[in-house]
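Colleague: This is the structure I have questions about; it appears just below.
The values are calculated or read from the model by the stated rules, or taken from the named source; none is laboratory data. Note that the structure is predicted; figures quoted are calculated from it, not measured. Quick reminder, even Gly has a Cβ in these numbers, built from the backbone with ideal geometry, and neighbours come from all protein chains shown. In case anyone asks, the SASA skips ligands and DNA or RNA and just uses the protein heavy atoms, side chains included. Shrake-Rupley method; radii C 1.70, N 1.55, O 1.52, S 1.80 Å.
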Amino acid sequence: MRISILGLGYVGSVAAACLARDGHQVIGVDADPVKVEHINRGASPILEPGLSELIAAGRRNGRLTATLDPDYAVRDTSLTFISVGTPSGEDGSLSLGYVSRACNQIGQALAEKPDFHVVVTRSTVLPGSVRNVVIPTLERASLKRAGIDFGVCVNPEFLREGTAISDFDNPPKTVIGATDSRSAEMLKRLYAHLNAPLLVTPLAVAEAVKYADNAWHALKIAFANEIGAICEKAGVDAQAVMDVFCHDLKLNISPAYLRPGMAFGGSCLPKDVRALNHFARGMNVETPLLGSILAANDRQIERHLSAVESPGNRRLGFLGISFKAATDDLRESPVLRMIDSLHERGYAIKIYDPWVSVASVQGANRSYIRNELPHILNMLTDDLQEFMDHAETVVIANRSPLYRGVLKKIGRNRSVVDLVNVVPQCRRCCIYPNNSSGLHNGQATAVAV
């Protein structure tokens, strides 16, 4: 392919060198003449192991060149990467000034170009940036339409300084957000040789993935450091603790728990987080990350309460009351907290949970309900028809597969609020072309949280 890259900083320089090595004709563009001069004399404008050698090879075989002229670069290529900086403002906001300027330059070149051209945002941008900034700027400058006269993609990079070339060749995943299938196919061909999952998503998903990744990496570092601080003060070998921690590939280093949904509850997580924070405070160890976990969990319950109230119905039906599907454990169940709060606000509530039915609530659970939340007993019903006759809004509160059968009985006059993502929705992520989401049977209004 003939490829232009606007921005010869860290991301752009590495991409230019690697793509030229892979056999593509690459034109790099930058407003800084020093960077352009470095590339053209076969030197790297940044310090990165192996990059100077790749750039020198690209210059020798004639596949890599650099210019100050974006118009020439865009007109002479069929695919343009935007790899300019997106610095932070003083208030922490993201600045898209360089991206806007690059889009304006690309759009002006596209105005004079009859061929279909694909513009790829490689810069790290927040969700909505391409729809709200990149595409409008390109369309205004070119007087053409995105997805028809030219294509737009989002292709986040996952490079680490010091190992960038290896990361380019061995990415954990390749993510392509696209306005149209033609543009997506062009990028898929570009990366077809890579041994990595290739995921085609909506534009905003591709934008958000990079932030989810970096926030998770930062979170892991902060978590390990706080555990280390507690262990050190307690005289425990922190490295040994985390070594053992990392051996658990089922729950710790895995996709487990990494799906948005219900707040946590049960007999272990709330109790142990409280105990660990109390232990740290007793040793004068500050743990702001660990100390925020329960508050973050409470905030998720508040979000769920807002979602339940949003349809405006006063008669609610909860599918599930225990903190986890297929159990009768009500200890610190976030669903119980929600129901108690909604009851105080005057909502009429019925609960259908075969594992926590009126007949089966015994022992500690029955004593807990009787002593702490006696009104819950009157809300429980074993009669599904009674439940359906009552509920104007059906709330799915745990992931029992039984509730999918209940959903088939829901008519058009009811709303469904799915707190745990159990509603069978048509996924838009990793499917092209776009598909709609909602209940497959098309009967009820579904709100996934």
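Colleague: Rounded to two decimals, what is Rg over Rh for segment 1-99 when you use alpha-carbon atoms and the Kirkwood radius?
Modeller: So for segment 1-99, dividing Rg by the Kirkwood Rh gives 1.00.
Colleague: Percent of Cα-Cα pairs per 10 Å bin, from 0 to the last occupied bin, for segment 257-304, please list those.
Modeller: For segment 257-304, the binned pair fractions read 24, 50, 22, 3 percent.
Colleague: Can you tell me the length gained on complete extension of the stretch residue 370 to residue 392, counting 0.36 nm per residue apart and subtracting the Cα distance?
Modeller: Between residue 370 and residue 392, full extension yields an extra 5.2 nm.
Colleague: Given Cβ point charges of +1 (Lys, Arg) and -1 (Asp, Glu) and nothing else, what value in debye, to the nearest 20, does the dipole of the chain about its Cα centre take?
Modeller: I would put it at about 1020 debye.
Colleague: Calculate the length of the line joining the C-alpha centroid of segment 282-334 to that of segment 1-64, in whole Å.
Modeller: One Cα centre to the other: 51 Å.
Colleague: Please state the equivalent ellipsoid semi-axes for segment 108-262: what are the square roots of 5 times the Cα gyration tensor eigenvalues, largest first, in whole Å?
Modeller: Equivalent ellipsoid semi-axes, largest first: 41, 16, 14 Å.
Colleague: Would you pull out the residues with amide H under 5 Å of residue 178's amide H, same chain only if 5 or more places away, H placed 1.01 Å from N?
Modeller: Counting only residues 5 or more places away or on other chains, the set is 154, 201, 203.
Colleague: Considering only DSSP beta bridges whose two residues both sit in the chain, what percent are antiparallel, to the nearest 5?
Modeller: 10
Colleague: Tally up the carbon and sulfur contribution to the accessible surface of segment 14-64 as a whole percent, 1.4 Å probe, everything protein left in place.
Modeller: 52
Colleague: Run the accessible area of segment 193-290 with a 1.4 Å probe and give the carbon-and-sulfur part as a rounded percent.
Modeller: On segment 193-290, the fraction of accessible area on carbon and sulfur atoms equals 65 percent.
Colleague: Okay, moving on. Compute the semi-axes of the equivalent ellipsoid of segment 271-350, taking the square root of 5 times each eigenvalue of the Cα gyration tensor, and list them largest first in whole Å.
Modeller: 31, 15, 9
Colleague: Based on the Kirkwood radius over alpha-carbon pairs, what value in µm²/s does the Stokes-Einstein equation return for the translational diffusion coefficient of segment 317-357 at 20 °C and 1.002 mPa s?
Modeller: Answer, rounded: 206 µm²/s.
Colleague: Stretch residue 341-residue 377 to full length: gain in nm at 0.36 nm per residue minus the Cα-Cα span?
Modeller: 11.4 nm
Colleague: I would also like to ask the following. Residue 211 versus residue 294, label points 7 Å from Cα toward the beta carbon: distance in nm?
Modeller: About 3.0 nm separates the two model spin labels.
Colleague: Within the chain, what is the number of lysine pairs with alpha carbons under 21 Å apart, leaving out pairs fewer than eight places apart on the same chain?
Modeller: Within the chain, the lysine pair count is 14.
Colleague: Which of the GluC sites (Glu not before Pro) found in segment 99-173 are loop residues per DSSP with 13 or fewer other Cβ atoms within 10 Å of their Cβ?
Modeller: Filter output for segment 99-173: 112, 161.
Colleague: Also, I was wondering about something else. How many nm separate the modelled label positions at residue 32 and residue 268, each set 7 Å beyond the Cα in the direction of the Cβ?
Modeller: 5.0
Colleague: Here is a follow-up. Please give the per residue accessible area of the chain, computed with a probe of 1.4 Å over protein heavy atoms only, in Å².
Modeller: 49
Colleague: While we're on this one: Relative contact order (percent) for segment 207-363, with alpha-carbon contacts under 8 angstrom and 6 or more residues of separation?
Modeller: 20
Colleague: How big is the C-alpha Rg of segment 70-173 next to the rule-of-thumb value 2.2 N^0.38 Å, as a ratio?
Modeller: Dividing the Cα Rg of segment 70-173 by 2.2 N^0.38 Å gives 1.13.
Colleague: Let me ask something else about it. Show log10 I(q)/I(0) for the chain at q = 0.12, 0.13 Å⁻¹, two decimals, from a solvent-free Debye sum over equal Cα scatterers.
Modeller: -1.07, -1.14
Colleague: Excluding residue 159 itself, calculate the net charge of residues whose Cβ lies under 14 Å from the Cβ of residue 159, where each Lys or Arg counts +1 and each Asp or Glu counts -1.
Modeller: Surrounding charge for residue 159 is -2.
Colleague: What 222 nm value per residue comes from the helices of the chain, counting each DSSP H run with n ≥ 4 as -39,500 (n - 2.57) and dividing by all residues, nearest 500 deg cm²/dmol?
Modeller: The helix contribution divided over the chain gives -12500 deg cm²/dmol.
Colleague: So what's the convex hull volume per residue for the Cα atoms of segment 218-305, in Å³?
Modeller: Normalising the Cα hull of segment 218-305 by residue number yields 110 Å³.
Colleague: Run the simple label-point estimate for residue 259 and residue 195 please: 7 Å along Cα→C-beta, distance reported in nm.
Modeller: 3.0
Colleague: Follow-up question, since we're still on this one. Can you tell me the equivalent ellipsoid semi-axes for segment 30-88? Use √(5λ) from the Cα gyration tensor, largest first, whole Å.
Modeller: Working from the Cα gyration tensor, I get semi-axes of 19, 16, 11 Å.
Colleague: Can you tell me which of 205-216, 89-100, 125-136 comes out highest on packing, and rank the rest after it, using the mean Cβ neighbours within 10 Å?
Modeller: 125-136, 205-216, 89-100
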